[in-house]
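Engineer: The structure follows.
No lab work stands behind these numbers, since they all come straight from the coordinates. Computed from a predicted structure; not experimentally measured. Glycine also receives a Cβ, built like all others from the backbone with ideal geometry; neighbour counts cover every protein chain displayed.
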Amino acid sequence: MASVLAPDQLGPTVCVGEILVEIVATTIGDGFTEAQPLVGPYPSGAPAIFISQCGRLGGSSAMVGAVGNDDFGRLNTDRLKSDGVEISTISVDSEFPTGSAFVRYRKDGSRDFVYNIATSAAARFGWSDNVKALMDRAGHLHVMGSALSVPSAREVIDRAVDIVKARGGTISVDPNIRKELKLDPATEQRFAKLVEAADLLLPSGEELERAAGVEGEDNAIGRLFELGVKEIVLKRGADGATFFGANGERVDAPAFVVEEVDPTGAGDCFGGAYLTCRRLGMSPAEALTYASAAGARNVTIRGPMEGAGTRQELDAFISSTERRS
């Protein structure tokens, strides 16, 4: 099946949103109400993790966001640049520090986060001549739901959608809205419009029904295609992933069997790999294999983007790792 996404040669995949460092508790428990050992900082932020994986796989990629003029900011920009991501539209804020996220895992595998986004550099960027020049040559815009909680990101995304679409580019959306990041009614409405504009939707679990506004997997899939979505990839965690095409095609991909060390970033790596493979011309089945490998490989290493793989690394992982039956 030919890709519904604009080819890589049209222009880079652009991601807009929060760039953070992540600090991880090494103990298991609820929240941060007592002193405990921590590890990090790790470069992070859902859009940054996603675009890191795009770059590592060889896709043309660029990031729009902001960091502080500090070591945490340099940690992020150095990582993204080394991954092949264009960083000319990442601004450096001289007043506010780089955003941060502290995370602690509970016994059941769920997570508690303490974010500093709103009062950090992560929220202090916007539309500029530099950003417009990037969007004028972009081939694809990827939107993370988490970025919609950041007003500056919303402004850039609102303007970018029409520009990218007008030049034959495409749009993808990963709902990715955490419980700590509540959206106001206006932002919920903006999210609904983005779903309608999406060529590719990358939901996990309940996000599928939230995006569709109806209950039940089959009903949600049908509704999203009615809205104009062209391709849906549902991330099912340990149960694998499923591609749904508007023509009725379905491809199920089993998950790889790995020992989980740190699940943060798995879905972002999955999405970045799938999108890049499709833009590079791969079939849904082939792209799903690489995406599943990218997500699985990432959870085997502590840090939200530390396990994101290159094409060579993912090929080696695929050939040496068992998949669930």
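Engineer: Quick one: which residues, 5 or more positions from L20 or on another chain, have an amide H under 5 Å from its amide H? H modelled 1.01 Å from N in the peptide plane, none for Pro or chain starts.
Structural biologist: S44, G45
Engineer: Additional query: So if each residue of separation counts as 0.36 nm, and I subtract the Cα-Cα distance between A246 and V39, what length gain in nm does that give?
Structural biologist: Gain on stretching A246 to V39: 70.1 nm.
Engineer: Using mean Cβ contacts within 10 Å as the protection proxy, how do 276-286, 78-88 order, highest first?
Structural biologist: With the highest mean Cβ count within 10 Å placed first, the list reads 276-286, 78-88.
Engineer: Right, here's the next one. Ratio of alpha-carbon Rg to the 2.2 N^0.38 Å globular estimate for segment 16-156, to two decimals, please.
Structural biologist: Values: Rg = 15.4 Å, N = 141, 2.2 N^0.38 = 14.4 Å.
After normalising by residue count via 2.2 N^0.38 Å, the value is 1.07.
Engineer: Beyond a 21 Å Cα-Cα separation, which of these cross-linked pairs lie in this structure: K165/K193; K132/K230; K165/K230; K81/K193? The partial results should precede the final answer.
Structural biologist: Values: K165/K193 14 Å; K132/K230 26 Å; K165/K230 14 Å; K81/K193 32 Å.
With Cα atoms farther than 21 Å apart: K132/K230; K81/K193.
Engineer: For segment 193-325, what are Rg and Dmax over the alpha carbons, in angstrom?
Structural biologist: Radius of gyration, then largest Cα-Cα span, for segment 193-325: 14.5, 42 Å.
Engineer: Ok, one more. What is the calculated FRET efficiency for V257 to D112, with r their C-beta to C-beta distance and R₀ = 25 Å, to the nearest 0.05?
Structural biologist: Working: r = 27 Å, r/R0 = 1.10.
It comes out at approximately 0.35.
Engineer: Still on this structure, please answer the following. Nearest 500 deg cm²/dmol is fine: what mean residue ellipticity at 222 nm does the chain get from its DSSP H runs of n ≥ 4 alone, each adding -39,500 (n - 2.57), divided by its residue count?
Structural biologist: Numbers: 10 runs with 116 residues, N = 325.
Mean residue ellipticity at 222 nm (helix-derived): -11000 deg cm²/dmol.
Engineer: Also: Rounded, prolate or oblate: which fits segment 130-284, taking a ≥ b ≥ c as square roots of the Cα gyration tensor eigenvalues, rounded meaning a/c under 1.5, else prolate when a/b beats b/c?
Structural biologist: In terms of gyration-tensor shape, rounded.
Engineer: Would you mind pulling out the separation of the Cα centroids of segment 300-325 and segment 42-73, in Å?
Structural biologist: 19
Engineer: Step by step: find N for segment 8-320, compute 2.2 N^0.38 Å, then divide the Cα radius of gyration by it. What's the final number?
Structural biologist: Details: Rg = 18.0 Å, N = 313, 2.2 N^0.38 = 19.5 Å.
So the Cα radius of gyration is 0.92 times the expected 2.2 N^0.38 Å.
Engineer: Using the beta-carbon distance between A285 and D218 and R0 = 25 Å, what value does 1/(1 + (r/R0)^6) give for FRET efficiency, to the nearest 0.05?
Structural biologist: According to the calculation, E is roughly 0.70.
Engineer: Looking at the square roots a ≥ b ≥ c of the eigenvalues of the Cα gyration tensor of segment 1-57, which shape do they give, rounded for a/c under 1.5, prolate if a/b is larger than b/c, or oblate?
Structural biologist: Since a/c reaches 1.5 and a/b is larger than b/c, the shape of segment 1-57 is classed as prolate.
Engineer: So, one more: Where does each of 244-250, 305-311 land if you order them by average Cβ count within 10 Å, highest first?
Structural biologist: Ranking, from highest mean packing down: 305-311, 244-250.
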